[in-house]
2 protein chains.
Amino acid sequence: MKKYSIGIDYGTLSGRAVLVDLATGDEVVSSVFEYPHAVMDEQLPSGKKLPDNYALQHPQDYLDVLKNTIPDILNKSGATPEEIAGIGIDFTACTVLPVYADGTPLCFNDKYKDEPHAYVKLWKHHAAQKQAEIIYEKAKEQNESWLKRYGDQISSEWFFPKILQVLEENIELYHETARFIEAGDWITWVLTGKETHSSCLAGYKAFWSKKDGYPSNDFFASVNPELGEIIGTKVSENVISVGSKAGELCEAGATLTGLTQGIAVASPSIDAHAALPATGITDSGKMLMIMGTSTCHIIMGDSEKCVPGISGVVEDGVCEGYFGYEAGQSCVGDSFEWYTKSCLPKSYYDEAAAQNINIHKLLREKAKKLKVGESGLVALDWWNGNRSILSDSDLTGLILGFKLTTKPEEIYRALIESTAYGTKVIIDNYEENGINIIEIFAAGGIAEKDEMTMQIYSDVMNKEIRISASSQSCALGSAMFGAVAGGAFGNIKEAASIMARVKDVLYKPIPENVRLYEKLYNEYKILHDYFGKGGNDIMKRLKEIK
Amino acid sequence: MKKYSIGIDYGTLSGRAVLVDLATGDEVVSSVFEYPHAVMDEQLPSGKKLPDNYALQHPQDYLDVLKNTIPDILNKSGATPEEIAGIGIDFTACTVLPVYADGTPLCFNDKYKDEPHAYVKLWKHHAAQKQAEIIYEKAKEQNESWLKRYGDQISSEWFFPKILQVLEENIELYHETARFIEAGDWITWVLTGKETHSSCLAGYKAFWSKKDGYPSNDFFASVNPELGEIIGTKVSENVISVGSKAGELCEAGATLTGLTQGIAVASPSIDAHAALPATGITDSGKMLMIMGTSTCHIIMGDSEKCVPGISGVVEDGVCEGYFGYEAGQSCVGDSFEWYTKSCLPKSYYDEAAAQNINIHKLLREKAKKLKVGESGLVALDWWNGNRSILSDSDLTGLILGFKLTTKPEEIYRALIESTAYGTKVIIDNYEENGINIIEIFAAGGIAEKDEMTMQIYSDVMNKEIRISASSQSCALGSAMFGAVAGGAFGNIKEAASIMARVKDVLYKPIPENVRLYEKLYNEYKILHDYFGKGGNDIMKRLKEIK
């Protein structure tokens, strides 16, 4: 009998289920379901307008992913429920919703259909900035030790700022909420009938650590007396290691998916984190860059180090037994896309159309021919602020070196180079703070498709880069966790040895380019520190003037 | 009998003659002749390739301007030669050529048809950079007092660097040259049969001053022994005040133009300088900005002050009896044009086409709607280096403040604003160094057509701006000098009182914008000083890496 596991990857706009062959790691079939409500950032389904910076979702969409994609992959593959060893899940985070004691979302209650706070707050809901600042101030004031694990900063995207926003803006709804829960944990609850909180989600988004648990209720009471008993009441203390068995498919879960009761379900990952085991990374020293609209830089270490400017370090945060470090760039592919939409002249579009190729391909072909440093341009990659290592969303992008002869492909290449310099700042920061980087891997759309960019990254970092072979590496990693939870492998390392894979391609630094990029990076770093570390706070002042 | 004068404006690509009515200042008719050889920057007429940074012209083109345009304006207007009181000329400068003792250009000699140094070196010939540096070093070493009149710098565009290049690269041709002469002075010689050197050309481009004359032959000998007797031999010492009567139309000049002998010819101006009397500026305290691809900022004062970073101060340099100060921005309209060609997305061109309007008009309409500071962008206007007050051609452009939501019209407006800030640096520098600016006027294409830009300039400078009413203000100013030389007026002030004019429009600063632009200008100035005055020489280092 064939053996499979199922990985379910919940992204920002759709959910994807992948059926993976445990003997080979082959992704046999997959199925995608786009969320009917997508991201609600202007209005609720009722038509009610939303304030600025809101980004909500509807939990029914997550259920519909299960109802549609799982039967579809069984149907397309001919696999039977008996052949499924386990299910793993990854989810965007922090994506949080209020539920009743039985797990029913408050927004399913008709009386709340017009109430924004009853819905899911998506990771990119940015309306809790004030609350993030309040919690940060209190934590600084009381010298809370957990703050340093998060690079001494608190994002408005995280768990407790979002909860505090609900409390401050609708106390009645807050009181009616039995649990605030990550959507990844909620969907696990739906499948297993048991509530758990994954160490990955709790660790990166809710200040939890294996050693110390959550911050104390005394701390939360100091932020707001109403929060005084939140841990253990509205927030579950039942934290279990990411990828460990969260439970087995319950009757309701089986009905929803068309599977049979008893199939193991693994505790969920954050989406990007699941890509590590899929690329064969199950221990320390190997950094994975998940490169898309933005980039995550995740690496495991053997011990907890204090690294400034990272998004977080979490024990058992990526794989059990290791400390998972996460850093990030908030704008990578997004700025390339902005460039082609907002700055690229007509003649280039005409040329791409005449050659019948994608505009990025045309630009890469032209940019590839440029010598390193030829354009005289250097950019700061802060079109969407800087996540690591400056943790400053008020920073903005810069391009320096324009001449009347400056060509579009030169600007395009400078933007790509700036993101490579931004990555070098992050890896240098890891290494300076004791995180040893032995190998570098990359996954995601840019890593897969864009050879020029990957060569530039290799040259800038003076490091070899390996590329994930799966185009659905998050779902594959989740399937691996599912297989381990179901007992098909003894641990994630064993699963990875069979199921993970990297491409045959290896990007190697070209010595001549390395030498030149070293000089250019030095220039970038001077600008980075001048504009990012208080030498000239013009970017903040311009925001104020605005 | 009607009375007219003729202004002849020699530009970079064409020459224009304008017939002006002395009683009203009306520009009755005009005629343009495009230089058949245009700018020779790649090859000579013989096909011989030119080195980098060359920009040559053919003097036959200048003669053909006379032969074509003067008969044309007489013909079109019905004016008779007897009705012409005088002729004035303005010319690009420093535009220099080697001639024989009778005034014949060396390039008319067939043996030199393949020799680049026999032709006219146009103002933007940039191949004498090395020679400019040699002369500068010697002048610094010997503490030459004239250097401070040129903001302590020597441009490769000027007279002696161009001559030294000929000497160093073709000594035989150098020896065969009787005179090196500005093209404006040469065409005056052609018309009058007499060689003179205008104080405007000699002063701004050849280190001459009314008080001290040229630098000493001892100085030139220290630069190169071959230059030891240059003043008085290969360079004429017969310097006369700009606009004064250089002579009368000689037989050859009359034959060439279809006019009659004896008509007064005025000593030539640099093209931009002639726009001052045309705008009614004939004394001190009124600054004229001549705004086109680049901008000149010319103002007269009552005494000689040492102003750092200007292009020069010359007694009798603009109008007799005053000290003419010139500063400049090397890239204004050029960067707006670069932007629309190199950075503007297809959708904007489509929109302009659909509305059947010019792309700049579309951009202005969109940019006009933006509030001051709304974009969060600040730029440094150094796409073509910085002429004043930093005098540094290695500086490059910068844009700061990009976000993923940054729109093309925001960038366009930031570029316009950056040139306004650059102008404010220049006028602040004038005022800090004792040059009193009472009124500001503007001429040129941008001043005439672009209301949004002129309002921004008024807001940034917090000054009122008046606009020249003539679209051919250089030719009009030259015609005024011609009229004075011919005795139709006692002096240029009298001529201006009848013939000069400004538009009815007056740009007035809007207090709310002034307040915001003050803040934005402060930010520009911090960047200006940091990148331009040694805080961070990244722009130079990037050129070196290149």
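Mind checking which residues of region A:466-489 are of a type in the set (V, I, T) and without any contact (Cβ under 8 Å) to a residue 60 or more places away in the chain?
A:I467
Does at least one position in region A:360-367 carry a residue that is open to solvent by less than 20 Å² (accessible area, probe 1.4 Å), in a loop (DSSP other than H, G, I, E, B) and at negative phi? No, because not a single residue in region A:360-367 is open to solvent by less than 20 Å² (accessible area, probe 1.4 Å), in a loop (DSSP other than H, G, I, E, B) and at negative phi.
For B:A354, the conditions (1) closer than 27 Å to B:T12 by Cβ; (2) surrounded by fewer than 21 Cβ atoms within 10 Å (Cβ to Cβ) are fulfilled apart from (1). Taken as a whole, region B:224-240 holds at least one residue that is open to solvent by 40 Å² or more (accessible area, probe 1.4 Å) and not in a loop (DSSP other than H, G, I, E, B). One residue alone among A:K245, A:K210 is out of contact with any helix residue (DSSP H, G or I) (no Cβ under 6 Å at 6 or more places or on another chain) and in the same structural domain as A:N68 (by TED's automatic domain parsing), and that residue is A:K210.
Can we say B:L259 is more than 17 Å from B:Y204 (Cβ to Cβ) and crowded, with 24+ Cβ neighbours inside 10 Å? Against the criterion (more than 17 Å from B:Y204 (Cβ to Cβ) and crowded, with 24+ Cβ neighbours inside 10 Å), B:L259 does not qualify. Of all the listed residues (A:G317, A:G321), the sole one being within 28 Å of A:V20 (Cβ to Cβ), more than 14 Å from chain B (Cβ to nearest Cβ) and open to solvent by 20 Å² or more (accessible area, probe 1.4 Å) is A:G321. Restricting attention to region B:517-529, and to residues there that are buried (at least 18 other Cβ atoms within 10 Å of the Cβ) and within 9 Å of another protein chain (Cβ to nearest Cβ), which single residue is nearest to the chain's Cα centre (by Cα)? The residue in question is B:L527. Of all residues in region B:407-439, those satisfying the criterion of being among the polar types (S, T, N, Q) and within 14 Å of chain A (Cβ to nearest Cβ) are B:S418, B:T419. Among the residues making up region A:530-546, those that are among the charged types (D, E, K, R) and more than 7 Å from chain B (Cβ to nearest Cβ) are A:K533, A:D537, A:K540, A:E544.
Here A:L395, A:L404 are screened, and the one residue that is without any contact (Cβ under 8 Å) to a residue 12 or more places away in the chain and either within 14 Å of chain B (Cβ to nearest Cβ) or open to solvent by less than 20 Å² (accessible area, probe 1.4 Å) (or both) is A:L404. Checking the stated criteria, B:D26 turns out to be farther than 27 Å from B:S155 by Cβ, without any contact (Cβ under 8 Å) to a residue 40 or more places away in the chain and touching a strand residue (DSSP E or B) at 6+ places or on another chain (Cβ under 9 Å). Residue-level analysis places A:E182 outside the set of residues that are touching a helix residue (DSSP H, G or I) at 6+ places or on another chain (Cβ under 9 Å), acidic (D, E) and open to solvent by 40 Å² or more (accessible area, probe 1.4 Å).
Considering the conditions (1) in contact (Cβ under 8 Å) with a residue 40 or more places away in the chain; (2) farther than 23 Å from B:A420 by Cβ; (3) away from every other protein chain (no Cβ under 14 Å), B:E494 is excluded by exactly one of them, (1). Looking at region A:343-392 only, could you name the residues that are within 13 Å of another protein chain (Cβ to nearest Cβ), out of contact with any Lys or Arg (no Cβ under 7 Å at 6 or more places or on another chain) and hydroxyl-bearing (S, T, Y)? Hits for region A:343-392 are A:S347, A:Y348. Exactly one residue among B:S236, B:S222 is in the same structural domain as B:V166 (by TED's automatic domain parsing), over 17 Å from B:W123 (Cβ atoms) and without any contact (Cβ under 8 Å) to a residue 60 or more places away in the chain, and that residue is B:S236. Mind checking which residues of region A:123-143 are outside any helix (DSSP H, G or I) and open to solvent by less than 40 Å² (accessible area, probe 1.4 Å)? The answer is A:H125, A:A127, A:A128. Taking the numbered list (1) in contact (Cβ under 8 Å) with a residue 40 or more places away in the chain; (2) within 20 Å of A:D271 (Cβ to Cβ); (3) of a type in the set (A, V, I, L, M, F, W, C) in turn, A:A101 passes all entries but (2). What single numbered condition from (1) modelled with pLDDT under 95; (2) of a type outside the set (D, E, K, R); (3) within 22 Å of B:T233 (Cα to Cα) fails to hold for B:A183? The number of the failed condition is (1).
This table checks each residue for (1) within 22 Å of the chain's Cα centre (by Cα); (2) more than 30 Å from A:A93 (Cα to Cα).
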{"position": "A:V332", "(1), (2)": "yes, no"}
{"position": "A:K341", "(1), (2)": "no, no"}
{"position": "A:K368", "(1), (2)": "no, yes"}
{"position": "A:I389", "(1), (2)": "yes, no"}
{"position": "A:E410", "(1), (2)": "no, yes"}
{"position": "A:T419", "(1), (2)": "yes, no"}
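Can we say A:K113 is basic (K, R) and at pLDDT below 95? In short, yes. Scanning region A:318-349 for residues that are among the hydrophobic types (A, V, I, L, M, F, W, C), in contact with a strand residue (DSSP E or B) (Cβ under 6 Å, 6 or more places away or on another chain) and over 22 Å from A:H360 (Cβ atoms) yields a count of 3. With respect to A:A85, is the statement that it is closer than 30 Å to A:F207 by Cα, crowded, with 16+ Cβ neighbours inside 10 Å and aliphatic (A, V, I, L, M) true? It is false that A:A85 is closer than 30 Å to A:F207 by Cα, crowded, with 16+ Cβ neighbours inside 10 Å and aliphatic (A, V, I, L, M). Right, B:A354: of a type in the set (G, A, S) and without any contact (Cβ under 8 Å) to a residue 12 or more places away in the chain or not? So B:A354 passes the test. Does at least one position in region A:498-509 carry a residue that is in a helix (DSSP H, G or I) and away from chain B (no Cβ under 14 Å)? Among the residues of region A:498-509, at least one is in a helix (DSSP H, G or I) and away from chain B (no Cβ under 14 Å), which makes the answer yes. Please determine whether any residue of region A:96-115 is open to solvent by less than 50 Å² (accessible area, probe 1.4 Å), in the same structural domain as A:I263 (by TED's automatic domain parsing) and closer than 17 Å to A:Y10 by Cα. Yes: one or more hits.
The values are calculated or read from the model by the stated rules, or taken from the named source; none is laboratory data. Everything numeric here is computed off the predicted structure, so don't read it as measured data. Counting neighbours? That spans all protein chains shown, and the Cβs are built from the backbone with ideal geometry, glycine included. The accessibility values were calculated without ligands, DNA or RNA, using every heavy atom of the protein model including side chains. Shrake-Rupley method; radii C 1.70, N 1.55, O 1.52, S 1.80 Å.
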